[in-house]
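Below: the structure, in structure tokens.
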Amino acid sequence: MDPLIVLFGLGVGILIGLTGIGGGSLMTPLLLLAGGYSPVVTIGTDIAYGAITKTLGGWRHLRAGHVDLRLSSWLAMGSVPGSLLGVLAVNRLEAAYGKDFEPWLLVAVAVSLLLAAAATLFRALFRPGLVAKERDSALLEGHVSKVGTVCIGLTLGFILGLTSVGSGALIGLALILLYKLKPRRVVGTDVFHAAVLLWTAGIAHFASGNVDLGLMATILVGSLPGVWIGTALVPHVPVVALRHGLGIILAAAGLGVLTKAGADVPPWLIIGVPTVLGIISWRVHKRGSERALLVARS
């Protein structure tokens, strides 16, 4: 049992429990860099282990009342078949073209994650007025209808089945920008829905021979207590910090996926960019709080 993989599992498990993000976006590149596993086996194993960790986190969020069950159901109507199509596609593409297709696909996913991080942080830092529109439950009408929700689930489920990325990062972004859920409802709904989605894709990858059970067990040794710790911390983390943290973790996820795609991204950049974003976020929030205090006193 590799202690480093256990440590990775613990850290990523805490992030999954706290934010809903971390499984495919962070664990997959970590396994590729540290373990040297093949991309297809890494993706399949990551999805299979994620199904177990997010089931634990989803159950705890459901009990805490952080889940929009109606929205989760409509998303799953698209994401479950979409994930099966993604697994089928990765198997067919590997058989037809080898691994040549993977870097290009992962670069596109990484760019979308970085754009998502920029949009989320911009909204949190410079558009505080949007916070007033956040709600506990999604309004499935208008431009984000039930049919649209199914289509969103189908697209994101396909990406997850193909790359293992998206159960937290991309779906979480949709919950924020399209459905305007409050941060804790974003995390709870995302983790709960991801559990259903990952079980579907994980079973499909297992049937295709893409899951390393020994590696999965090692990850779970660290990730299961990590998810428990992360979900327990959610009620005690300030809403503003959680909102900013979602954007910062998305940036880290994007850089991680770029590394997975074969780009020469140095480790200090993967650590440094989220750190700098965290400092900027803290300073902007501090200034905003000081201005609000001055207005209240005047």
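The values are calculated or read from the model by the stated rules, or taken from the named source; none is laboratory data. No experiment lies behind these values; they were computed from the predicted model shown. All Cβ positions, even for glycine, are placed from backbone atoms using ideal geometry, and neighbour counts span all protein chains on display. Accessible surface is based on the protein model in full, side chains and every heavy atom, while ligands, DNA and RNA are left aside. Shrake-Rupley method; radii C 1.70, N 1.55, O 1.52, S 1.80 Å.
Computed values, structure above
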{"item": "Considering residues of the stretch 25-71 that are among the polar types (S, T, N, Q) and crowded, with 24+ Cβ neighbours inside 10 Å only, the residue modelled with the highest pLDDT", "result": "T45"}
{"item": "Residue, modelled with the highest pLDDT, within the stretch 120-141, restricted to residues that are hydrophobic (A, V, I, L, M, F, W, C) and touching a helix residue (DSSP H, G or I) at 6+ places or on another chain (Cβ under 7 Å)", "result": "L121"}
{"item": "Subset of the stretch 270-279 [under 15 Å from L246 (Cβ atoms) and either modelled with pLDDT under 80 or among the aliphatic types (A, V, I, L, M) (or both)]", "result": "L277"}
{"item": "Qualifying residues in the stretch 225-248 (those that are among the β-branched types (V, I, T) and under 21 Å from T55 (Cβ atoms)) - the one modelled with the highest pLDDT", "result": "I229"}
{"item": "Matching residues in the stretch 160-199 - criterion: being closer than 25 Å to V41 by Cα, open to solvent by 30 Å² or more (accessible area, probe 1.4 Å) and modelled with pLDDT under 85", "result": "none"}
